Amino acid sequence: MTAPTREAVIDRGAIEHNVRTLRAATGTREFIAVVKADGYGHGAVTAARAALAGGATRLGVADLAEALQLRAAGIDRPVVAWLHGPGADFAPALAEGIELGLATVDQLRRAAAQAGERAAVVHLKFETGLGRGGAAPADWTALLDEAARLEREGRIRVDGLFSHLSGASRDDDLAQLRVFEDAIAGAARAGLAPRIRHLAATGAAIDIPETRLDAVRVGLGIYGLSPFEGRSSASLGLRPAMTLRAPIAAVRRVREGHGASYGYTYRAPRDTTFALVPLGYADGVPRQASNAGPVRIRGRRFRVAGRVAMDQLIVDVGDTAVEVGDQAVLFGDPVTGAPSATDWADAAGTINYEIVTRIGARVTRTVTS
Ligand SMILES: *Cc1c(COP(=O)(O)O)cnc(C)c1O
């Protein structure tokens, strides 16, 4: 069998380790592992299984379809899905025991109406400052009263209350926590007794203990990446789980002044060697990182030469003896000498979340343990 042309090697053991590490560090009763967006590009089912093995008690996703994908793969542990289009059909998810994050009276009523034998398990979402989804303070009472009524009828069960932080600053996050505490008090007054209150994603889960409550909802950290500028994965005890690499497809000796890729934004500064790497922006390699993104070949670090194209990019490897078939590593665990996803994010003017999440469908996921 020939090696895949483009490969993201996913280290299951790293995800398991990261969950175990973060679970120990946060000490919450529950740990919700977030595996939306195909497990941040790592493969949702792979990530979910590894997270559960590491001690996650629930899984979190945005869309109902993402939750159903986990069930279809045979994962029967609690899954909560929290982002729904207008008029979303909850019935298939409820039939599979998917828990719903809901924010409006209309959603609650539809979930109650679509619940079968089992009551729909619901997490009520509150807007505490981020400006995205969630019930606004003015709407809490109506939402909580309706939830309590439907719960008494046995149509729904309110298991959770949640909100999401901006991460703007510690003070901003603590201000959101105080607003969330008002929502929690309102739920008690309405006669609801939800078991898990959850607020913190990776950043707050690590840095702001007050926000941990009954459960943390951790995405980025379980994949071994740091949400903090200037703080590495290793400094948090985390191991990046994805290595993006491809075998060099062509090697070309060129004269000084030879252009590289579209627009000749790079020209060989001397006689040199161009190595062609079959990864491009269709695979999620950001074109913004043209002439900047780091690539490791034969134990040495180079940079992309010229523009990243749709399917490929060029690396100027100088006089290094590089051969077709040598592995070019774009990013991985820096402890191994590889560049990091964060290095690529810096080169592209974005965040590591976006780097791993956008790795395309054409890239083979190879799972290792
Ligand atoms: C994506 C998401 C998370 C996970 O965030 P990380 O920063 O990756 O840990 C948690 N909660 C909600 C509501 C999300 O949308």
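The values are calculated or read from the model by the stated rules, or taken from the named source; none is laboratory data. The shown structure was predicted, so the numbers you read here are calculated from the model rather than taken from an experiment. Neighbour counts are summed over all protein chains in view; Cβ atoms, including those assigned to glycine, are modelled from backbone coordinates with ideal geometry.
Looking at (1) small (Gly, Ala, Ser); (2) crowded, with 22+ Cβ neighbours inside 10 Å; (3) within 13 Å of the chain's Cα centre (by Cα), which is the one condition that is false for ALA50?
Among (1) small (Gly, Ala, Ser); (2) crowded, with 22+ Cβ neighbours inside 10 Å; (3) within 13 Å of the chain's Cα centre (by Cα), the lone unmet condition for ALA50 is (3).
Every residue in segment 213-230 that is within 13 Å of the ligand (Cβ to nearest atom) and either free of Cβ contacts under 8 Å to residues at least 60 places away in the same chain or of a type in the set (Lys, Arg) (or both), please.
Selection gives ARG217, PHE228.
Mind counting the residues in segment 332-360 that are of a type in the set (A, V, I, L, M) and over 16 Å from the mean Cα position of the chain (by Cα)?
4
Rundown of residues vs (1) touching a residue at least 60 places away in the same chain (Cβ under 8 Å); (2) surrounded by fewer than 19 Cβ atoms within 10 Å (Cβ to Cβ); (3) in contact with a Cys (Cβ under 8 Å, 6 or more places away or on another chain); (4) more than 29 Å from GLU210 (Cβ to Cβ), yes/no style:
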site: ALA95; (1), (2), (3), (4): no, yes, no, yes
site: LEU102; (1), (2), (3), (4): no, no, no, no
site: ALA113; (1), (2), (3), (4): no, yes, no, yes
site: ALA120; (1), (2), (3), (4): no, no, no, yes
site: ARG170; (1), (2), (3), (4): no, yes, no, no
site: ALA175; (1), (2), (3), (4): no, yes, no, no
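Would it be correct to say that ALA24 is among the small types (Gly, Ala, Ser), out of contact with any Ser or Thr (no Cβ under 8 Å at 6 or more places or on another chain), over 22 Å from PHE331 (Cα atoms) and assigned to a helix (DSSP H, G or I)?
Yes.
Out of all the residues in segment 332-350, which are surrounded by 15 or more Cβ atoms within 10 Å (Cβ to Cβ), in contact (Cβ under 8 Å) with a residue 12 or more places away in the chain and of a type in the set (A, V, I, L, M, F, W, C)?
Those that are surrounded by 15 or more Cβ atoms within 10 Å (Cβ to Cβ), in contact (Cβ under 8 Å) with a residue 12 or more places away in the chain and of a type in the set (A, V, I, L, M, F, W, C): ALA338, ALA341, TRP344, ALA347, ALA348.
Answer with yes or no whether ASP106 is farther than 22 Å from ARG195 by Cα and within 16 Å of the ligand (Cβ to nearest atom).
no
How many of the residues in segment 265-318 are in a loop (DSSP other than H, G, I, E, B) and either more than 26 Å from THR357 (Cβ to Cβ) or among the basic types (Lys, Arg) (or both)?
Matching residues across segment 265-318 total 8.
Across segment 151-168, what is the number of residues that are out of contact with any Leu (no Cβ under 8 Å at 6 or more places or on another chain) and either part of a helix (DSSP H, G or I) or at positive phi (or both)?
Of the residues in segment 151-168, 3 are out of contact with any Leu (no Cβ under 8 Å at 6 or more places or on another chain) and either part of a helix (DSSP H, G or I) or at positive phi (or both).
Within segment 117-141, track down each residue that is assigned to a loop (DSSP other than H, G, I, E, B) and out of contact with any strand residue (DSSP E or B) (no Cβ under 8 Å at 6 or more places or on another chain).
Within segment 117-141, the subset assigned to a loop (DSSP other than H, G, I, E, B) is 117-119, 127-134, 136.
Scanning segment 117-141 gives GLU117, ARG118, THR128, GLY129, LEU130, GLY131, ARG132, ALA136.
Got a number for residues in segment 261-290 being among the polar types (S, T, N, Q) and either touching a residue at least 60 places away in the same chain (Cβ under 8 Å) or surrounded by fewer than 17 Cβ atoms within 10 Å (Cβ to Cβ) (or both)?
2
Given the residues GLY160, GLY203, which is the only one that is within 13 Å of the ligand (Cβ to nearest atom), crowded, with 18+ Cβ neighbours inside 10 Å, closer than 27 Å to GLY116 by Cβ and under 26 Å from the mean Cα position of the chain (by Cα)?
Result: GLY160 is the single residue among GLY160, GLY203 that is within 13 Å of the ligand (Cβ to nearest atom), crowded, with 18+ Cβ neighbours inside 10 Å, closer than 27 Å to GLY116 by Cβ and under 26 Å from the mean Cα position of the chain (by Cα).
Here's the yes/no breakdown for (1) out of contact with any strand residue (DSSP E or B) (no Cβ under 8 Å at 6 or more places or on another chain); (2) crowded, with 24+ Cβ neighbours inside 10 Å; (3) under 30 Å from ASP145 (Cβ atoms):
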position	(1), (2), (3)
THR5	no, no, no
HIS17	yes, no, no
ARG20	yes, no, no
ARG29	no, no, yes
ALA33	no, yes, no
ARG58	no, no, yes
HIS84	no, no, yes
ALA91	yes, no, yes
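Go through segment 282-299 residue by residue and tally those that are closer than 14 Å to ARG245 by Cα and of a type outside the set (Asp, Glu).
Residues that pass the stated criteria total 9.
Would you point out which residue out of VAL317, VAL324, VAL329 is surrounded by fewer than 20 Cβ atoms within 10 Å (Cβ to Cβ), more than 17 Å from the chain's Cα centre (by Cα) and aliphatic (A, V, I, L, M)?
Exactly one of VAL317, VAL324, VAL329 is surrounded by fewer than 20 Cβ atoms within 10 Å (Cβ to Cβ), more than 17 Å from the chain's Cα centre (by Cα) and aliphatic (A, V, I, L, M), namely VAL324.
Give segment 209-251 a look and list any residue that's assigned to a loop (DSSP other than H, G, I, E, B) and more than 20 Å from the chain's Cα centre (by Cα), or say none.
Once the filter is applied, which keeps residues that are assigned to a loop (DSSP other than H, G, I, E, B) and more than 20 Å from the chain's Cα centre (by Cα), segment 209-251 yields LEU213, ASP214, ILE248, ALA249.
Assess whether GLY87 counts as being assigned by TED's automatic domain parsing to the domain that holds ARG58, within 16 Å of the ligand (Cβ to nearest atom) and under 27 Å from the mean Cα position of the chain (by Cα). Break it down stepwise before answering.
On the way: assigned by TED's automatic domain parsing to the domain that holds ARG58: yes; within 16 Å of the ligand (Cβ to nearest atom): no; under 27 Å from the mean Cα position of the chain (by Cα): yes.
Against the criterion (assigned by TED's automatic domain parsing to the domain that holds ARG58, within 16 Å of the ligand (Cβ to nearest atom) and under 27 Å from the mean Cα position of the chain (by Cα)), GLY87 does not qualify.
List the pairs whose first member sits in segment 69-83 and is of a type outside the set (D, E, K, R), whose second member is away from the ligand (no atom under 16 Å from the Cβ), and whose Cβ atoms are under 6 Å apart, counting only residues at least 6 apart or on separate chains?
Pairs found: ALA73/VAL45.
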